[in-house]
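Please read the structure below before turning to the comments.
The values are calculated or read from the model by the stated rules, or taken from the named source; none is laboratory data. Keep in mind that what you see is a predicted model, and the values were worked out from it rather than measured. Cβ placement follows ideal geometry from the backbone for every residue including glycine, while neighbour counts extend to all protein chains displayed.
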């Protein structure tokens with residue numbers, strides 16, 4: 001019997017259904033491995049004892065009709081979990097214990113999943129390296145002192161290190177796809193409105209979207225099927241007919257038209273990314289896809305647009321953290337003084353930076369010049385995609401402009417950190433589904449990812465292309481367990 | 001355009017975040033480099049473009065104004081820094 005923790009979700013479910021592995025055995029394996037992996041700093045809050053208890057309860061009264069029968073799963077600490085501390089990686093929520101459950105996690109528990117723990121992330125999901133977390137850096141299991149990407153960095157690290165069979169992250173500008181790319185794993189950001197935002201600590205409400213992260217494409221299709229649902233509790237949740245993503249998954253993509261946007265060939269892009277993209281195009285052709293050159297003319301305006309829209313929405317969303325009803329409270333001489341000290345001590349540098357930018361672009365006299373302007377450019381970016389989709393079914397690009405970098409390498413230069421999201425941000429601005437799949441390695445043997453972007457609500461095509469290409473690429477992570485105690 | 005120290009302090013007041021003098025200087029530098037990058041949007045003419053305010057093209061739904069949760073008063077109060 002191979003090690004339980006190295007199984008894919010699909011294999012683990014199969015083994016549990018065939019009664020070859022019990023839920024409790026699975027839980028023990030993941031808990032044990034997680035306990036030996038503290039050096040990764042992937043967890044903020046462990047739920048190990050409760051997970052073991054619940055897995056026993058599942059085994060005593062198993063229900064094999066569920067989609068995730070007794071499967072232990074760790075989730076990003078941005079999802080509110082009833083009676084389990086939820087910090088969003090921030091000091092200001094250090095002691096916050098929700099009295100309700102996010103819809104996405106509730107969907108997982110309803111299908112038999114069991115909470116293993118809460119995973120580290122950049123503070124309020126603002127970051128691309130997990131370095132802005134109040135709870136410290138996370139190690140990438142690929143190599144020591146390498147960032148796991150962000151903001152879902154605890155999720156990508158735990159997944160690549162086999163501490164959880166699958167996980168969920170959230171993606172506002174690339175926070176699922178970029179960490180997946182940095183760790184040799186699969187990450188899918190669904191269409192805006194597919195997965196409920198209810199109970200997810202809000203960052204930028206018009207961009208935030210939850211999605212699956214997994215070791216292979218099939219596992220993402222299984223998890224997407226569970227978490228994607230129409231939810232009355234989220235006013236932007238969309239009621240559309242969702243596919244049975246895993247059973248409709250096929251490698252037959254013959255005749256599918258895939259667009260290659262010339263504007264993604266950015267200045268100073270390393271040769272290895274360019275080569276990876278070329279290889280990706282060949283793989284797509286081998287799979288039977290037709291390759292078509294397309295243009296997305298406003299691509300270079302996406303990042304500047306994002307860095308107005310996202311901070312503006314964040315400054316508004318984060319106004320609620322004032323030390324009054326919950327979270328950290330610092331003492332002050334007056335009410336205003338208390339607010340100001342609480343927010344100064346409770347938020348980290350990056351979060352403060354973004355609140356300041358957001359406050360500025362929304363302030364009187366600047367709203368039209370910045371926020372309104374950005375919303376107009378956002379329209380142009382979306383129209384680029386609308387037009388491209390008259391000609392193609394999906395779009396293929398690199399996931400990131402570089403592989404994972406060292407901890408500390410970019411943390412002093414916000415703009416260079418922001419450039420990480422250059423290929424992922426347009427997808428959020430246009431509300432489209434996008435997946436990152438591992439597709440190769442750089443000169444240091446660090447993983448590199450390719451991104452497939454789809455039409456709105458067409459996650460199935462995105463998954464099918466990824467599933468087909470994954471077989472041709474045949475990428476395998478080479479993890480040495482260097483961090484194990 | 002440059003954001004000076006005075007503006008940074010004004011914005012920090014609006015945002016209700018207290019700032020030490022040294023940090024305010026660093027923040028002014030950071031904000032200036034970010035805005036330099038954002039200024040790129042001025043290359044585009046957008047007079048006749050409709051702003052995109054929401055990607056979900058739905059009208060907001062109404063719901064009945066009725067209580068759906070149980071009495072969770074104690075649970076909520078547990079999170080408050082102080083209570084009477």
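Remarks
- In region A:88-97, the residue that is nearest to residue B:71 (Cα to Cα) out of those that are within 10 Å of chain B (Cβ to nearest Cβ) and either in contact with a helix residue (DSSP H, G or I) (Cβ under 9 Å, 6 or more places away or on another chain) or buried (at least 24 other Cβ atoms within 10 Å of the Cβ) (or both) is A:97.
- Selected residue [loosely packed, with under 15 Cβ neighbours inside 10 Å, assigned to a helix (DSSP H, G or I) and facing another protein chain (nearest Cβ under 8 Å)] from A:355, A:336: A:336
- Some residue of region A:266-278 being over 24 Å from the mean Cα position of the chain (by Cα), at pLDDT 95 or above and in a strand (DSSP E or B): no
- Lone qualifier among A:138, A:166 - being more than 19 Å from residue A:90 (Cβ to Cβ) and either surrounded by fewer than 24 Cβ atoms within 10 Å (Cβ to Cβ) or in contact (Cβ under 8 Å) with a residue 40 or more places away in the chain (or both): A:166
- Residue A:287 falls short on exactly one of the conditions (1) within 11 Å of chain B (Cβ to nearest Cβ); (2) in contact (Cβ under 8 Å) with a residue 60 or more places away in the chain, and that condition is (1).
- Any hit, region A:251-260, residues being modelled with pLDDT of 95 or more, farther than 23 Å from residue A:173 by Cβ and surrounded by 20 or more Cβ atoms within 10 Å (Cβ to Cβ): yes
- Residue check for residue A:188: modelled with pLDDT of 95 or more, outside any strand (DSSP E or B) and over 15 Å from residue A:403 (Cα atoms): no
- Scanning region A:359-371 for residues that are more than 8 Å from chain B (Cβ to nearest Cβ) and touching a residue at least 40 places away in the same chain (Cβ under 8 Å) returns A:361, A:362, A:371.
- Number of residues in region A:234-255 that are within 14 Å of chain B (Cβ to nearest Cβ) and either in contact (Cβ under 8 Å) with a residue 12 or more places away in the chain or farther than 30 Å from residue A:205 by Cα (or both): the value is 5.
- Residue check for residue A:258: within 29 Å of residue A:229 (Cα to Cα), away from chain B (no Cβ under 14 Å), in contact with a strand residue (DSSP E or B) (Cβ under 6 Å, 6 or more places away or on another chain) and outside any helix (DSSP H, G or I): yes
Per-residue answers, yes or no, for (1) in contact with a helix residue (DSSP H, G or I) (Cβ under 7 Å, 6 or more places away or on another chain); (2) within 24 Å of residue A:22 (Cβ to Cβ); (3) assigned to a helix (DSSP H, G or I):
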| site | (1), (2), (3) |
| --- | --- |
| A:107 | yes, yes, yes |
| A:118 | no, no, no |
| A:124 | yes, no, yes |
| A:128 | yes, no, no |
| A:131 | no, no, no |
| A:136 | no, no, no |
| A:139 | yes, no, no |
| A:144 | no, no, no |
| A:149 | yes, no, no |
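- Within region A:300-318, not a single residue is crowded, with 21+ Cβ neighbours inside 10 Å, in a loop (DSSP other than H, G, I, E, B), at pLDDT 95 or above and more than 10 Å from every other protein chain (Cβ to nearest Cβ).
- Residue satisfying condition, being more than 21 Å from the chain's Cα centre (by Cα) and touching a residue at least 60 places away in the same chain (Cβ under 8 Å), within set A:19, A:14, A:39, A:28: A:39
- Out of A:29, A:55, one residue alone is touching a strand residue (DSSP E or B) at 6+ places or on another chain (Cβ under 7 Å), modelled with pLDDT of 95 or more and not in a loop (DSSP other than H, G, I, E, B). It is A:55.
- Qualifying residue in region A:390-404 (condition: without any contact (Cβ under 8 Å) to a residue 60 or more places away in the chain and within 13 Å of chain B (Cβ to nearest Cβ)): no
- Any chance residue A:378 is out of contact with any helix residue (DSSP H, G or I) (no Cβ under 6 Å at 6 or more places or on another chain) and facing chain B (nearest Cβ under 9 Å): no
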